[in-house]
Amino acid sequence: MKTQESMENYLETIYVLNQKTGFVRSVDVALEMGFSKPSISNAMKKLKAEGYVQIEDKGRIVLTEKGKALAEGTYEKHCVISHLLMDIGVSKETALADACRMEHILSEETFDCMKAHHRKWHELNPDMKE
C-alpha cells in the first residue's frame, strides 16, 4: 500500500459497505470511493497479501480479524471525531471531511481523551443528538 492512510480508507469502506449490504465486491468499493476498478483490484491484492482481506466466491471481499479490527478502529475514530466537531458547531459536511483526514493521524492517547470528552459532553447535554 502507498500509505497506512489509504489502507485504512479501503478497510473502513469495506467495513461500512458490509454493514449496509452484507456483501462487498471490488466494484462496490470502486463506486463508493470513486476510484477505478483496476485501482481497487490492485489495492485488494495488496490487502489480501498483507492478511487484511480474503476474496471469496463471486468476488466477495471479507475482512479478516486483523482487517476488521483496523477497520472498526478507524470507523470509530471517524464517528467520534465527526460528532465532536459537529457538537462544537462545525457543519456536517466539513466535520465529515475533516474527520476523514484526522482519523489517520491522531495518537491513541489523543483519541481516548477526545472519546472521553465526547461521552462526558453528551452525559451533560442529553438533549443533543449523537
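The values are calculated or read from the model by the stated rules, or taken from the named source; none is laboratory data. Since the model is a prediction, treat every value here as computed from it, not as a measurement. Note: ideal-geometry Cβ built from the backbone for every residue, glycine included; neighbour counts use all protein chains shown.
Listing for the model above:
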{"item": "The range 1-11, subset buried (at least 20 other Cβ atoms within 10 Å of the Cβ) and hydrophobic (A, V, I, L, M, F, W, C), residue nearest to the chain's Cα centre (by Cα)", "result": "Leu11"}
{"item": "Any chance Ile81 is crowded, with 19+ Cβ neighbours inside 10 Å and either under 15 Å from Glu103 (Cβ atoms) or out of contact with any His (no Cβ under 8 Å at 6 or more places or on another chain) (or both)", "result": "yes"}
{"item": "Search result, residues across the range 1-56 that are under 26 Å from Ile105 (Cβ atoms) and hydroxyl-bearing (Ser, Thr, Tyr)", "result": "Thr3, Ser6, Tyr10, Thr13, Tyr15, Ser39, Tyr52"}
{"item": "Filtered residue count, the range 73-90, keeping only those that are in a helix (DSSP H, G or I), over 13 Å from Val16 (Cα atoms) and of a type in the set (Gly, Ala, Ser)", "result": "1"}
{"item": "Residue list for the range 100-130, filter: of a type in the set (A, V, I, L, M, F, W, C), part of a helix (DSSP H, G or I) and at pLDDT 90 or above", "result": "Cys100, Met102, Phe111, Cys113, Met114, Ala116"}
{"item": "Residue match in the range 30-45 (condition: of a type outside the set (Ser, Thr, Tyr) and touching a residue at least 40 places away in the same chain (Cβ under 8 Å))", "result": "yes"}
{"item": "For Val62: the one exception among (1) under 30 Å from Asp127 (Cα atoms); (2) assigned by TED's automatic domain parsing to the domain that holds Ile14; (3) not acidic (Asp, Glu)", "result": "(1)"}
{"item": "Filter result for His78 (over 13 Å from Met7 (Cα atoms) and in contact with an Asp or Glu (Cβ under 6 Å, 6 or more places away or on another chain))", "result": "yes"}
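Quick grid of which residues meet (1) within 21 Å of Leu96 (Cα to Cα); (2) surrounded by 13 or more Cβ atoms within 10 Å (Cβ to Cβ); (3) at pLDDT 95 or above; (4) not assigned by TED's automatic domain parsing to the domain that holds His104:
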| residue | (1), (2), (3), (4) |
| --- | --- |
| Thr13 | yes, yes, yes, yes |
| Val16 | yes, yes, yes, yes |
| Gly22 | no, no, no, yes |
| Asp28 | yes, yes, yes, yes |
| Ser41 | no, yes, no, yes |
| Asp57 | no, no, no, yes |
